[in-house]
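A.B. asks: Structure in structure tokens, see below.
The values are calculated or read from the model by the stated rules, or taken from the named source; none is laboratory data. Fair warning: this is a prediction, and the values are worked out from it, not measured in the lab. Using ideal geometry, Cβ is built from the backbone for each residue, glycine included, and neighbour counts are taken over all protein chains shown.
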Amino acid sequence: MIAIEHLTKRYRKTVAVDDLDLVIQPGVVTGFLGPNGSGKSTTMRVIMGLDRPTRGRATVNGRPYHDLRDPLREVGALLEAKAVNPGRSARNHLRALAASNKIPFSRVDEVLEFVGLASVATKRVGDFSLGMGQRLGIAAALLGDPGVLLFDEPVNGLDPEGIRWIRDLFRSLAAEGRTVFVSSHLMSEMAVTADQIIVIGKGHLITQGSVGDLTAAAKGSVVVRGNDRERLERALRAAGATVEVANDEALRVGGLSAEAVGQLAFDHGVVLFELTPERASLEEVYMALTAGAVEYGSGAS
Amino acid sequence: MSAHPTLASVVRSEWIKFRSVRSTIMGVAITFVLTIGIGALITASIRTHWTSHPEAHLGFDPVTTSLGGTLFAQFAVGVIGALFVTSEYSSGSIRATLAATPRRVEVATAKLVVLVVSLLLVSEVAVLVTFLMGQAIYSGVVPTASLSNPTVLRAVLFGGLYLTLLGVVGMALGWLLRQSAACISVFTSLILVLPIVTFLLPSSWQNAIGRFEPSTLGQSMESVSPPAHAFGAGGALVVLTLYAVVLMVAAATVLTRRDA
């Protein structure tokens, strides 16, 4: 379990994380979403004891990272792809990490085999592709067989086969009862990978919940078209709905279910030609949630 | 399950890192080539011109002259020390290192142990080989010195200590500056530029300041009779060790306080 309490991290003048409270539970894959620069990586670095919080704290299994006796056996992390001396071989990189925590070298060959890098174990990491670098980072995270795992943007640079592989990996790690905390700036990726989703923007928590909760909370709309647009519009507004004119004389109604709109039309004697409920996709929910929190937006979007 | 991580296991980890990159192997090779190669050039040149330059015979020191290559090798060891740290920052592997060993002082200590033991071995072998080779080249024409003389033995062994301590200075700069280029500039300035600046000062200042410069300390440590206005060999060793210790303490302080 990872707990973040009132975490604030300020770099000179920029506030990267602002009073964040989170609990990341074991047994599920928790997706950590937010636009670029929203504070995801900073939060992960603080959890790993790499950056010192300005206020608040982060704990792993109830203790600050610095107090862990066997760090690699408790927490594994992929924070940056190819963060390895380019002149070193994959095996030597992992052996150095293993030695520091008294993990037997046989485990190094095991994880290399597991991530599919056994055949290039003695090759210089500098010659690795980004995807191979990600696999090496995953091997490093799994080295100590830890119960808590953090992955910062793990799918970057992976090919489709690799993306499927990593998704299955996260699911199986969570199924074994581990805490799996995965950051991404892509909702589409998290929608198919994560069970729980945490959305942050500009260092603030925007929302959290299961994938189902988030889509359910997203207010859908109803597109309705009838023989008397104005009468229908008046009736809908009187019922407290938000109404905007869509194309083809149709109305887009928010705040009422399709059933309620149909009933209202019937009550006011409007003949309906079309009544279509529209549910926002998770992607749209995410875009709407983070609209105000995008640091480098393209303006036109 | 095996025992918890210890300083010994972190030292083992750092030793794997130290020996598994080409830059270390190159650095060690260059240290040998510069110390021994330039030593051979200097001593051979002195032997050739010995009889035609009788004015140079007065105060001639067969020990210092044979160890002249260390003046060049000091840059190689400084770079070995600096790169051992800065390569972790340039590649980003420092994060994996500090995640594996969150007690950062242990990381700094382990790197220091690996560097000092390795450089001590490399430097002492290099200066001993150079000295013996130099005396063999001098033999028959130029006066020679022998390791059976305790003062000569001290000068040669201190030559190895000088190189080792400069490697530690390079490492401390690595922790403080984190960038290879910045480290190498500062290190070179300390060794090369500082004496030039001092040279422009009034002579009373030169004498007061000059003896504290790393390069002057090195000369004192490697000579049988230290130059005027300089520290004796033992005093120079103490001052240089003090520099290395102060810089490493500063490095460890910065490492524990700054974000990785």
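A.B. asks: Output yes when any residue across the stretch B:191-204 is in contact (Cβ under 8 Å) with a residue 12 or more places away in the chain and touching a Leu at 6+ places or on another chain (Cβ under 9 Å), and no when none is.
C.D. replies: The answer is yes, given that some residue of the stretch B:191-204 is in contact (Cβ under 8 Å) with a residue 12 or more places away in the chain and touching a Leu at 6+ places or on another chain (Cβ under 9 Å).
Rundown of residues vs (1) at negative phi; (2) away from chain A (no Cβ under 14 Å); (3) in contact with a strand residue (DSSP E or B) (Cβ under 6 Å, 6 or more places away or on another chain); (4) free of Cβ contacts under 8 Å to residues at least 24 places away in the same chain, yes/no style:
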| site | (1), (2), (3), (4) |
| --- | --- |
| B:Gln219 | yes, yes, no, no |
| B:Val224 | yes, yes, no, no |
| B:Phe231 | yes, yes, no, yes |
| B:Gly235 | yes, yes, no, yes |
| B:Val238 | yes, yes, no, yes |
| B:Thr241 | yes, yes, no, no |
| B:Val246 | yes, yes, no, yes |
| B:Ala250 | yes, yes, no, no |
| B:Arg258 | yes, no, no, yes |
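A.B. asks: When A:Pro154 is evaluated against the numbered criteria (1) in a loop (DSSP other than H, G, I, E, B); (2) over 11 Å from the mean Cα position of the chain (by Cα), which criterion, by number, is the only one it fails?
C.D. replies: (2)
A.B. asks: Right, A:Val261: surrounded by 15 or more Cβ atoms within 10 Å (Cβ to Cβ) and over 28 Å from A:Gly34 (Cβ atoms) or not?
C.D. replies: Details: surrounded by 15 or more Cβ atoms within 10 Å (Cβ to Cβ): yes; over 28 Å from A:Gly34 (Cβ atoms): yes.
Criteria met by A:Val261.
A.B. asks: Filter the stretch A:86-112 down to the residues that are facing another protein chain (nearest Cβ under 7 Å) and either in contact (Cβ under 8 Å) with a residue 40 or more places away in the chain or basic (Lys, Arg) (or both) and list them by number.
C.D. replies: A:Pro86, A:Arg88, A:Arg95, A:Leu97, A:Asn101, A:Lys102
A.B. asks: Would it be correct to say that B:Ile209 is over 14 Å from the mean Cα position of the chain (by Cα), modelled with pLDDT under 95, surrounded by 14 or more Cβ atoms within 10 Å (Cβ to Cβ) and within 28 Å of B:Asp61 (Cα to Cα)?
C.D. replies: Values: over 14 Å from the mean Cα position of the chain (by Cα): yes; modelled with pLDDT under 95: yes; surrounded by 14 or more Cβ atoms within 10 Å (Cβ to Cβ): yes; within 28 Å of B:Asp61 (Cα to Cα): yes.
Yes.
A.B. asks: Right, here's the next one. Could you list all residues from the stretch B:141-169 that are among the small types (Gly, Ala, Ser), surrounded by 16 or more Cβ atoms within 10 Å (Cβ to Cβ) and not in a helix (DSSP H, G or I)?
C.D. replies: Filtering the stretch B:141-169 for residues among the small types (Gly, Ala, Ser) gives B:145-146, B:148, B:155, B:159-160, B:167.
Add one more test, that the residue is surrounded by 16 or more Cβ atoms within 10 Å (Cβ to Cβ), and what stays is B:145, B:155, B:159-160, B:167.
The answer is B:Ala145, and nothing else.
A.B. asks: Kindly check whether there is at least one residue in the stretch A:189-200 that is without any contact (Cβ under 8 Å) to a residue 40 or more places away in the chain and either at positive phi or in a strand (DSSP E or B) (or both).
C.D. replies: no
A.B. asks: Tell me which of these B:Ala76 doesn't satisfy, since it passes every other one: (1) aliphatic (A, V, I, L, M); (2) closer than 19 Å to B:Ser123 by Cα; (3) crowded, with 19+ Cβ neighbours inside 10 Å; (4) within 14 Å of chain A (Cβ to nearest Cβ).
C.D. replies: (4)
A.B. asks: Check whether at least one residue in the stretch B:9-23 is more than 10 Å from every other protein chain (Cβ to nearest Cβ), touching a residue at least 40 places away in the same chain (Cβ under 8 Å) and crowded, with 24+ Cβ neighbours inside 10 Å, and report yes or no. Even if it seems obvious, please write down each step before you answer.
C.D. replies: So in the stretch B:9-23, the residues more than 10 Å from every other protein chain (Cβ to nearest Cβ) come out as none.
Within the stretch B:9-23, not a single residue is more than 10 Å from every other protein chain (Cβ to nearest Cβ), touching a residue at least 40 places away in the same chain (Cβ under 8 Å) and crowded, with 24+ Cβ neighbours inside 10 Å.
A.B. asks: Oh, and also: Show the residue pairs that are 6+ apart or on different chains and have beta-carbon atoms under 7 Å apart, the first residue being within the stretch A:222-241 and on the phi > 0 side of the Ramachandran plot, the second being of a type outside the set (A, V, I, L, M).
C.D. replies: Within 7 Å, the pairs are A:Gly240/A:Gly255.
A.B. asks: Also: Looking at A:Arg95, A:Arg88, A:Arg52, A:Arg57, which one is surrounded by fewer than 20 Cβ atoms within 10 Å (Cβ to Cβ) and over 22 Å from the mean Cα position of the chain (by Cα)? Full working, then the answer.
C.D. replies: On the way: A:Arg95 fails: surrounded by fewer than 20 Cβ atoms within 10 Å (Cβ to Cβ); A:Arg88 fails: surrounded by fewer than 20 Cβ atoms within 10 Å (Cβ to Cβ); A:Arg57 fails: over 22 Å from the mean Cα position of the chain (by Cα).
Going through A:Arg95, A:Arg88, A:Arg52, A:Arg57 in turn, just one is surrounded by fewer than 20 Cβ atoms within 10 Å (Cβ to Cβ) and over 22 Å from the mean Cα position of the chain (by Cα): A:Arg52.
A.B. asks: Can we say A:Ala141 is assigned to a helix (DSSP H, G or I), within 28 Å of the chain's Cα centre (by Cα), within 11 Å of chain B (Cβ to nearest Cβ) and surrounded by 16 or more Cβ atoms within 10 Å (Cβ to Cβ)?
C.D. replies: Values: assigned to a helix (DSSP H, G or I): yes; within 28 Å of the chain's Cα centre (by Cα): yes; within 11 Å of chain B (Cβ to nearest Cβ): yes; surrounded by 16 or more Cβ atoms within 10 Å (Cβ to Cβ): yes.
Criteria met by A:Ala141.
A.B. asks: Next up: Looking at A:Ala77, A:Ala83, which one is at the interface with chain B (Cβ under 8 Å from one of its Cβ atoms), in contact (Cβ under 8 Å) with a residue 60 or more places away in the chain and not polar (S, T, N, Q)? It would help to see each step written out before you state the result.
C.D. replies: Numbers: A:Ala83 fails: in contact (Cβ under 8 Å) with a residue 60 or more places away in the chain.
Only one candidate qualifies: A:Ala77.
A.B. asks: Before we move on, is B:Ser204 out of contact with any helix residue (DSSP H, G or I) (no Cβ under 8 Å at 6 or more places or on another chain), modelled with pLDDT under 95 and not basic (Lys, Arg)? Spell out how you get there, then give the answer.
C.D. replies: Values: out of contact with any helix residue (DSSP H, G or I) (no Cβ under 8 Å at 6 or more places or on another chain): yes; modelled with pLDDT under 95: yes; not basic (Lys, Arg): yes.
Taking the combined requirement at face value, the residue satisfies it.
A.B. asks: Yes or no: A:Ala16 surrounded by 24 or more Cβ atoms within 10 Å (Cβ to Cβ) and within 14 Å of chain B (Cβ to nearest Cβ)?
C.D. replies: Working: surrounded by 24 or more Cβ atoms within 10 Å (Cβ to Cβ): no; within 14 Å of chain B (Cβ to nearest Cβ): yes.
No: the conditions fail for A:Ala16.
A.B. asks: Taking the conditions exactly as written (under 14 Å from A:Met1 (Cβ atoms) and in contact with a strand residue (DSSP E or B) (Cβ under 8 Å, 6 or more places away or on another chain)), does A:Thr54 satisfy them or not? Can you show your working first?
C.D. replies: Working: under 14 Å from A:Met1 (Cβ atoms): no; in contact with a strand residue (DSSP E or B) (Cβ under 8 Å, 6 or more places away or on another chain): yes.
No, not satisfied.
A.B. asks: Might you check whether a residue that is touching a residue at least 12 places away in the same chain (Cβ under 8 Å), at the interface with chain B (Cβ under 10 Å from one of its Cβ atoms), farther than 21 Å from B:Thr256 by Cβ and acidic (Asp, Glu) occurs anywhere in the stretch A:64-71?
C.D. replies: Among the residues of the stretch A:64-71, not one is touching a residue at least 12 places away in the same chain (Cβ under 8 Å), at the interface with chain B (Cβ under 10 Å from one of its Cβ atoms), farther than 21 Å from B:Thr256 by Cβ and acidic (Asp, Glu), which makes the answer no.
A.B. asks: Then there's this: Inspect all residues belonging to the stretch A:164-184 and state whether any of them is outside any helix (DSSP H, G or I) and free of Cβ contacts under 8 Å to residues at least 12 places away in the same chain.
C.D. replies: Initial filter on the stretch A:164-184 (outside any helix (DSSP H, G or I)): A:176-184.
This time we only want the ones that are free of Cβ contacts under 8 Å to residues at least 12 places away in the same chain, so: A:176.
Yes: one or more hits.
A.B. asks: Quick one: which helices (runs of 4 or more DSSP H) lie wholly within the stretch B:1-107 and hold at least 3 residues that are in contact with a Gly (Cβ under 7 Å, 6 or more places away or on another chain)? Show your work before the answer.
C.D. replies: Details: elements: B:7-19, B:22-32, B:39-49, B:62-66, B:70-91, B:94-100.
Answer list for the stretch B:1-107: B:39-49, B:70-91.
A.B. asks: I need the full set of residues from the stretch A:211-234 which are assigned to a helix (DSSP H, G or I), in contact with a helix residue (DSSP H, G or I) (Cβ under 8 Å, 6 or more places away or on another chain) and modelled with pLDDT of 90 or more, in order please.
C.D. replies: A:Leu232
A.B. asks: Another question about this same structure. Among the residues of the stretch B:83-117, count how many are surrounded by 20 or more Cβ atoms within 10 Å (Cβ to Cβ) and away from chain A (no Cβ under 14 Å).
C.D. replies: Of the residues in that region, 2 qualify.
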